[in-house]
Amino acid sequence: MTIRDLALADIPPCARLFTDVFSNPPWSEHWTETSALRRLDDCARTPHFLGLLVEDERGLCGFAFGYSQYYLDEQHYYLLELCIDTARQRQGVGGALLTALKGKAIESGISRLYTLTARDTPAQDFYAKHGFYVSPKMIMMAHRL
């Protein structure tokens, strides 16, 4: 297994994997390759983007997309998307990717990672297992237009 920085040329295969993973349970969202490509391209073109890709001899296993920004005197990293091939989940791929991401973040002077995920899902359990916690100070609020 190899983890490397993500390049713009990696986005199309990432979009195919993203569509595959998030269109099926437990997410069952209505992604197409076109909508996933738009989403991931937008993420990758965000200032201070940091993305990592996991590959093995069979090809793409997963990826992480996010960006850093300053908050007061610290840099925070917002993990926008973490996607692991369904067939490779629960095999340490996601954990290895998060470990590499944390290392890269520390090298870059980032002091905090944060992300959004669905409550009471395997994803929430995964993040908790890797040191993330539900913030006691922050909530997500939405307003549909």
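The values are calculated or read from the model by the stated rules, or taken from the named source; none is laboratory data. Because the structure is a prediction, the values reported are computed rather than measured. Please note: Cβ atoms are built from the backbone with ideal geometry, for glycine as well, and neighbour counts cover all protein chains shown. These area figures cover heavy atoms from the full protein model, side chains too; ligands, DNA and RNA do not enter into them. Shrake-Rupley method; radii C 1.70, N 1.55, O 1.52, S 1.80 Å.
So which residues in the range 109-129 are in a loop (DSSP other than H, G, I, E, B), modelled with pLDDT under 95 and either within 21 Å of G51 (Cα to Cα) or not basic (K, R) (or both), if there are any at all? The answer is L116, T117, A118, D120, T121.
Within the range 28-54, restricting attention to residues that are farther than 24 Å from L113 by Cα and small (G, A, S), the residue that is least open to solvent (accessible area, probe 1.4 Å) is S35.
Counting the residues of the range 28-78 that are of a type in the set (D, E, K, R) and assigned to a strand (DSSP E or B) gives 3. Listed by first and then second residue, the pairs with beta-carbon distance under 8 Å, at least 6 apart or on different chains, first residue in the range 42-57 and at pLDDT 95 or above, second open to solvent by 50 Å² or more (accessible area, probe 1.4 Å) and in a loop (DSSP other than H, G, I, E, B), are L50/S108; V54/M1; E55/M1.
How many residues does the range 109-127 contain that are of a type outside the set (D, E), open to solvent by 60 Å² or more (accessible area, probe 1.4 Å) and farther than 22 Å from M141 by Cβ? The total comes to 2.
Scanning the range 1-27 for residues that are open to solvent by 60 Å² or more (accessible area, probe 1.4 Å) and either part of a helix (DSSP H, G or I) or modelled with pLDDT under 95 (or both) yields M1, L8, A9, R16, D20, N24, P25, P26, W27.
Restricted to the range 62-105, and to residues that are acidic (D, E) and buried (at least 17 other Cβ atoms within 10 Å of the Cβ), which residue is farthest from L52 (Cα to Cα)?
D85
Being at pLDDT 95 or above and either surrounded by 15 or more Cβ atoms within 10 Å (Cβ to Cβ) or not in a helix (DSSP H, G or I) (or both) is a property that A142 lacks.
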